[in-house]
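Working notes, beginning with the structure itself.
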Amino acid sequence: MFTQIQLENYASVLLWGLETARGKKFKRGEVVCLRFHLPALRLAEILYARLMEMGVNPVQQMVATPDMEHSFYHHADDRQLDFVPAGEKEFFKTLNGNIFLYAPAAITHLADIDSKKIGQAAIARKPFRDILTKREASGDFNWTLCAFTTKALAIHARLSQKAYTQQIVKACMLDDPSPVAAWGEIYKNIWEIKTWLSSLNVEYFQIESENIDLKVTPGKNRKWLGLSGHNIPSFEVFLSPDWRGTNGVYFADQPSYRSGNYVQGVRLEFKKGVAVKVAAHKGADFTKKQLAMDSGANKLGEFSLTDRRFSRINTFMANTLFDENYGGTSGNCHVAVGSAYVDSYDGNPAELTKAKKKSLGFNDSALHWDLVNTENKRVVAHLNSGKHTVIYENGEFSY
């Protein structure tokens with residue numbers, strides 16, 4: 001498992017990520033929620049001490065164990081699925097930061113649960129995510145997250161726990177003499193790429209690989225995002241497109257673990273922005289129910305590319321945080337069905353009203369599900385001038 005030095009470095013990188021995401025230092029007396037699964041307790045303890053030293057008020061929340069989660073969904077009636085504790089809304093309205101340490105003791109424990117119940121509980125909690133989205137837009141809140149080795153993750157990734165830990169150490173640069181400085185360099189490189197992409201006047205992108213033939217329309221008033229500090233690690237460059245301009249076929253060759261379910265070989269066929277055909281080699285019923293969760297669940301919320309020259313991740317990790325940043329030999333592209341990122345709006349996100357968001361084609365949903373493709377691919381930008389240019393090929397950006 002992790003050494004003490006690696007854990008201290010992990011804490012430093014996460015705090016760098018949190019402050020980078022917010023764009024400013026945290027003030028004394030502000031509130032930061034520290035959420036964690038039980039296996040990540042030691043890292044949580046180190047972060048708790050660091051937050052106290054910063055003068056902020058940490059609020060620790062341990063995530064439900066797999067048995068608790070299963071009991072909840074197995075026994076819950078509609079009233080219990082929709083239940084929200086008193087004071088929860090007020091808590092979110094005062095929250096300035098959130099750190100999530102993902103360390104699940106199980107990732108397929110909800111396979112026998114009706115996914116409609118999972119969707120209903122997610123919809124019940126969506127108003128709280130909306131509160132945090134508004135607070136993030138105004139600069140009052142931000143977040144970061146990471147993954148921690150567990151036996152369950154290692155087993156599903158077909159790695160030993162030692163090998164899984166080494167992938168995290170390598171990807172997050174935890175053995176670097178100065179991990180925070182190393183992340184600062186990656187930050188500069190990705191800034192150059194997203195600035196270049198945002199400068200292109202693109203009508204639509206055409207993505208082609210062995211099993212993908214997809215047209216994605218960025219839409220008006222968009223900018224590319226990447227390495228904001230939200231995810232540790234993060235090598236992807238992405239935007240939230242105008243969902244209405246999505247047409248063609250997308251295929252996820254990487255498996256996905258979501259809400260205690262295993263899904264493999266997801267194939268989506270889009271027409272006029274809607275996934276009209278949904279299929280999967282495994283977990284097809286779960287996938288269809290997830291994309292029927294609400295009116296926005298079957299539409300595109302994100303389009304992303306990862307350059308293999310930056311990512312140190314070269315194996316499947318059974319964890320979307322790492323898998324969506326896979327480098328390997330051909331990089332990766334991924335899309336997310338469901339909610340869009342409002343900070344992909346090229347303007348002041350605080351001015352992005354619900355009506356304006358809708359008019360610009362920013363999708364809204366209780367779902368946000370990343371589906372990854374690692375096939376060798378070519379991405380062509382078709383410009384409004386009538387010209388076209390290759391922006392991504394053989395796992396690398398062509399800037």
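The values are calculated or read from the model by the stated rules, or taken from the named source; none is laboratory data. In this text the structure is predicted, and so the values were computed from the model without any measurement. For neighbour counting, all protein chains shown are included, and Cβ atoms are generated from backbone atoms with ideal geometry for every residue, glycine included.
Condition test on ARG267, is it among the basic types (Lys, Arg), part of a loop (DSSP other than H, G, I, E, B) and modelled with pLDDT of 95 or more?
So ARG267 does not fit the description; no.
In segment 154-172, the residues that are more than 15 Å from ILE313 (Cα to Cα) reach residues that are part of a helix (DSSP H, G or I) with C-beta atoms within less than 6 angstrom, at least six apart or across chains, in these pairs: GLN161/ALA154. Only residues that are surrounded by fewer than 21 Cβ atoms within 10 Å (Cβ to Cβ) and of a type outside the set (Gly, Ala, Ser): list them for segment 1-19, please. Correct list: MET1, PHE2, THR3, GLN4, ILE5, GLN6, LEU7, GLU8, TRP16, GLU19. Residues in segment 321-331: is at least one outside the structural domain of LEU159 (by TED's automatic domain parsing), buried (at least 24 other Cβ atoms within 10 Å of the Cβ), modelled with pLDDT of 95 or more and within 23 Å of LYS271 (Cβ to Cβ)? No.
For segment 170-198, name all the residues that are under 18 Å from the mean Cα position of the chain (by Cα) and farther than 19 Å from LEU43 by Cα. Give the steps one after another, and end with the answer.
Restricting attention to segment 170-198, the residues satisfying the condition of being under 18 Å from the mean Cα position of the chain (by Cα) are 171-172, 187, 190, 194.
Within segment 170-198, TYR187, ILE190, LYS194 meet the criteria.
Considered as a group, the residues in segment 135-154 that are over 19 Å from the mean Cα position of the chain (by Cα) and not charged (D, E, K, R) include one that is nearest to ASN325 (Cα to Cα), and that residue is ALA154. Within segment 38-77, restricting attention to residues that are hydroxyl-bearing (Ser, Thr, Tyr) and more than 15 Å from GLY97 (Cβ to Cβ), the residue that is surrounded by the most Cβ atoms within 10 Å (Cβ to Cβ) is TYR73. Per the listing GLN206, GLN167, the residue uniquely at pLDDT 95 or above, within 19 Å of the chain's Cα centre (by Cα) and not β-branched (Val, Ile, Thr) is GLN167.
Can you give me the ranges of the strands (runs of 3 or more DSSP E) entirely in segment 285-399 with at least 1 residues that are within 23 Å of ASN221 (Cβ to Cβ) and among the β-branched types (Val, Ile, Thr)? Steps first, answer last, please.
On the way: elements: 300-306, 332-338, 368-373, 378-383, 388-393.
Output list reads 332-338, 378-383, 388-393.
Can you tell me how many residues in segment 346-383 are in contact with a helix residue (DSSP H, G or I) (Cβ under 8 Å, 6 or more places away or on another chain), among the aliphatic types (A, V, I, L, M), under 14 Å from ALA297 (Cβ atoms) and modelled with pLDDT of 95 or more? Result for segment 346-383: 1. Per this entry, ASP343 is counted among residues that are modelled with pLDDT under 95, acidic (Asp, Glu) and surrounded by fewer than 21 Cβ atoms within 10 Å (Cβ to Cβ).
Inside segment 345-372, residues that are in contact with a strand residue (DSSP E or B) (Cβ under 7 Å, 6 or more places away or on another chain) and more than 22 Å from ARG244 (Cα to Cα) make up a count of 0.
When you scan segment 266-278, how many residues do you find that are surrounded by fewer than 24 Cβ atoms within 10 Å (Cβ to Cβ) and either of a type in the set (Gly, Ala, Ser) or in contact (Cβ under 8 Å) with a residue 60 or more places away in the chain (or both)? Of the residues in segment 266-278, 2 are surrounded by fewer than 24 Cβ atoms within 10 Å (Cβ to Cβ) and either of a type in the set (Gly, Ala, Ser) or in contact (Cβ under 8 Å) with a residue 60 or more places away in the chain (or both).
For residues that are of a type in the set (Val, Ile, Thr), over 20 Å from the mean Cα position of the chain (by Cα) and surrounded by fewer than 18 Cβ atoms within 10 Å (Cβ to Cβ), tally how many sit in segment 78-134.
Step one: filter segment 78-134 for residues of a type in the set (Val, Ile, Thr), giving 84, 94, 99, 107-108, 113, 118, 123, 131, 133.
From the residues that got through so far, the ones that are over 20 Å from the mean Cα position of the chain (by Cα) too are 84, 94, 113.
Next cut, surrounded by fewer than 18 Cβ atoms within 10 Å (Cβ to Cβ) only: 84, 94.
Matching residues across segment 78-134 total 2.
Of the residues in segment 8-25, none is among the hydrophobic types (A, V, I, L, M, F, W, C) and over 22 Å from the mean Cα position of the chain (by Cα). The numbered conditions (1) touching a Leu at 6+ places or on another chain (Cβ under 7 Å); (2) surrounded by 21 or more Cβ atoms within 10 Å (Cβ to Cβ); (3) among the β-branched types (Val, Ile, Thr) are all true for VAL263 except (1).
Looking at LYS387, LYS354, LYS358, LYS377 in this structure, which one is within 19 Å of LYS215 (Cα to Cα), without any contact (Cβ under 8 Å) to a residue 12 or more places away in the chain and basic (Lys, Arg)? Please lay out each step first, then the result.
Numbers: LYS354 fails: within 19 Å of LYS215 (Cα to Cα); LYS358 fails: within 19 Å of LYS215 (Cα to Cα); LYS377 fails: without any contact (Cβ under 8 Å) to a residue 12 or more places away in the chain.
It is LYS387.
Residues that are more than 16 Å from VAL56 (Cβ to Cβ), aliphatic (A, V, I, L, M) and in contact (Cβ under 8 Å) with a residue 60 or more places away in the chain within segment 86-106 comprise LEU101, ALA103, ALA105, ALA106, listed in sequence order.
Yes/no matrix, rows are residues, columns are (1) more than 30 Å from PRO349 (Cα to Cα); (2) touching a helix residue (DSSP H, G or I) at 6+ places or on another chain (Cβ under 6 Å); (3) not assigned by TED's automatic domain parsing to the domain that holds PRO233; (4) not small (Gly, Ala, Ser):
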site	(1), (2), (3), (4)
SER12	no, yes, yes, no
GLY23	no, no, yes, no
ARG28	no, no, yes, yes
ARG35	no, no, yes, yes
PRO58	no, yes, yes, yes
HIS70	yes, no, yes, yes
ARG79	yes, no, yes, yes
ALA86	no, no, yes, no
